[in-house]
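Heads up: the structure comes next, in structure tokens.
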Protein chains: 2
Amino acid sequence: MSKPPLHPALSPLAELVGTFEGPGTGHYPTIDPFEYRERVTFGHVGKPVLAYEQATWDPVSEAPMHAERGYLRPAGDGLVEFMIAHVFGITELLEGDHDRADDGRDRLRLTTTSLGIAGTAKPVRHVRRELRFDAERLDYDVWMAYREVPETHHLAADLRRVA
Amino acid sequence: MSKPPLHPALSPLAELVGTFEGPGTGHYPTIDPFEYRERVTFGHVGKPVLAYEQATWDPVSEAPMHAERGYLRPAGDGLVEFMIAHVFGITELLEGDHDRADDGRDRLRLTTTSLGIAGTAKPVRHVRRELRFDAERLDYDVWMAYREVPETHHLAADLRRVA
């Protein structure tokens, strides 16, 4: 299939289209700190939504770790919606806004408005994500509330464009 | 990357691995009936979860219509969990069981245990899905409750293996 042009509604997110890769770190009061490598791809088929695909793997053994996938879409007036399915039995709906950080880079600030927790999944209560991006770089932070732990920083990664 | 072996936990779902394509039809009290073509792919990376990717398009113009993606995983004792993100601002968590239909084919019967509805999305209240499959065929039905409409049949498709 020939590549369709980017939908005009996606132009504020155009720099996300492609693939980014790099290192990340995780920590949380209930677990040991860990490191990972991550690849993130945002694609499109000409509609006003970006398809999102993410995978992480062990930096040493290269064994697959986490994966999540879904869609990111502009919702008008600088608002964005991020629909994510996780391998470990969770669906995550985040809503928030798109603005510029103090350093002039684009920023998405999102919080969960819905979390689906399957019977075998861990009882995450709340997630907050911040993504910053330009044409060559995508970095993010994730905060999480889990069981009795209030919202606490959990993940940070700094990815560079590879495609 | 070389293809890892299928995780033993996925052996009951092994016939889903690959790509299926075929026609579908949709109807609902609030909309005009419609037809579509659909492609579904289930993949894996050696972990006990299937990655799910789906897209539909207009049978005549070939313009993209719907898309959804997520993960399907066995949850023990014949239970399954299906985590889905939709392009149109919805996350869908379904849980149910895996058994055999009267005709001997494998069957997954799933109902939503959580639905995330973004601010711009349509207020779906409930979804029920039944998927039937063997090595060459994947067909399904979807029922939906939406606004004041109680659970009503919405989608049916009959796909054949293409890869």
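The values are calculated or read from the model by the stated rules, or taken from the named source; none is laboratory data. Since the structure is predicted, the reported quantities are computational estimates derived from the model, not experimental observations. Cβ placement follows ideal geometry from the backbone for every residue including glycine, while neighbour counts extend to all protein chains displayed.
Restricting attention to the stretch A:132-151, and to residues there that are touching a helix residue (DSSP H, G or I) at 6+ places or on another chain (Cβ under 8 Å) and part of a strand (DSSP E or B), which single residue is surrounded by the fewest Cβ atoms within 10 Å (Cβ to Cβ)?
Taking the stretch A:132-151 and keeping what is touching a helix residue (DSSP H, G or I) at 6+ places or on another chain (Cβ under 8 Å), we get A:133-135, A:138.
In the following step, the residues that additionally are part of a strand (DSSP E or B) were identified as A:133, A:138.
Working: A:133: 21, A:138: 26.
Ranking the qualifying residues of the stretch A:132-151, first place goes to A:133.
Confirm whether residue B:32 is without any contact (Cβ under 8 Å) to a residue 12 or more places away in the chain, out of contact with any Lys or Arg (no Cβ under 6 Å at 6 or more places or on another chain) and closer than 18 Å to residue B:156 by Cα.
In short, yes.
Tell me yes or no: at least one residue of the stretch A:18-25 is assigned to a strand (DSSP E or B), more than 14 Å from chain B (Cβ to nearest Cβ) and more than 21 Å from residue A:105 (Cα to Cα).
Yes.
Condition first: outside any loop (DSSP other than H, G, I, E, B) and either surrounded by fewer than 16 Cβ atoms within 10 Å (Cβ to Cβ) or away from chain A (no Cβ under 13 Å) (or both). Now tell me which residues in the stretch B:116-126 satisfy that.
Within the stretch B:116-126, the first condition is being outside any loop (DSSP other than H, G, I, E, B), and the residues that meet it are B:116-117, B:124-126.
Within the stretch B:116-126, B:125, B:126 qualify.
Only one of A:60, A:49, A:45 is more than 10 Å from chain B (Cβ to nearest Cβ) and of a type in the set (A, V, I, L, M, F, W, C). Can you tell me which? Steps first, answer last, please.
Values: A:49 fails: more than 10 Å from chain B (Cβ to nearest Cβ); A:45 fails: more than 10 Å from chain B (Cβ to nearest Cβ).
A:60 is the lone residue from the list that is more than 10 Å from chain B (Cβ to nearest Cβ) and of a type in the set (A, V, I, L, M, F, W, C).
Quick one: in the stretch B:88-100, which of the residues that are more than 7 Å from chain A (Cβ to nearest Cβ) and not basic (Lys, Arg) is surrounded by the fewest Cβ atoms within 10 Å (Cβ to Cβ)?
Ranking the qualifying residues of the stretch B:88-100, first place goes to B:99.
Which of the following residues is of a type in the set (A, V, I, L, M), away from chain B (no Cβ under 14 Å) and over 15 Å from the mean Cα position of the chain (by Cα): A:135, A:157? Please lay out each step first, then the result.
On the way: A:157 fails: over 15 Å from the mean Cα position of the chain (by Cα).
Step by step, each of A:135, A:157 is checked, and only A:135 is of a type in the set (A, V, I, L, M), away from chain B (no Cβ under 14 Å) and over 15 Å from the mean Cα position of the chain (by Cα).
A quick yes/no check of all residues on (1) part of a strand (DSSP E or B); (2) within 14 Å of the chain's Cα centre (by Cα):
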position	(1), (2)
A:39	yes, yes
A:45	no, no
A:51	yes, yes
A:83	yes, yes
A:91	yes, yes
A:98	yes, yes
A:102	no, no
A:111	yes, yes
A:114	yes, no
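Among the listed residues A:107, A:129, A:73, identify the single one that is within 13 Å of another protein chain (Cβ to nearest Cβ), among the charged types (D, E, K, R), in contact with a strand residue (DSSP E or B) (Cβ under 9 Å, 6 or more places away or on another chain) and in a strand (DSSP E or B).
Selected residue: A:73, the only one of A:107, A:129, A:73 that is within 13 Å of another protein chain (Cβ to nearest Cβ), among the charged types (D, E, K, R), in contact with a strand residue (DSSP E or B) (Cβ under 9 Å, 6 or more places away or on another chain) and in a strand (DSSP E or B).
Condition check: modelled with pLDDT of 95 or more, in contact with a Gly (Cβ under 6 Å, 6 or more places away or on another chain), within 14 Å of chain B (Cβ to nearest Cβ) and within 17 Å of residue B:44 (Cα to Cα). Does residue A:85 satisfy that? So that I can check it myself, show each step before the final result.
Working: modelled with pLDDT of 95 or more: yes; in contact with a Gly (Cβ under 6 Å, 6 or more places away or on another chain): yes; within 14 Å of chain B (Cβ to nearest Cβ): yes; within 17 Å of residue B:44 (Cα to Cα): yes.
Yes, satisfied.
I'd like to check something: does the stretch B:25-39 contain any residue that is farther than 29 Å from residue B:145 by Cβ, crowded, with 16+ Cβ neighbours inside 10 Å and modelled with pLDDT of 95 or more?
The answer is no, given that none of the residues of the stretch B:25-39 is farther than 29 Å from residue B:145 by Cβ, crowded, with 16+ Cβ neighbours inside 10 Å and modelled with pLDDT of 95 or more.
Give me a count of the residues in the stretch A:46-89 that are among the basic types (Lys, Arg) and under 23 Å from residue A:25 (Cβ atoms).
1
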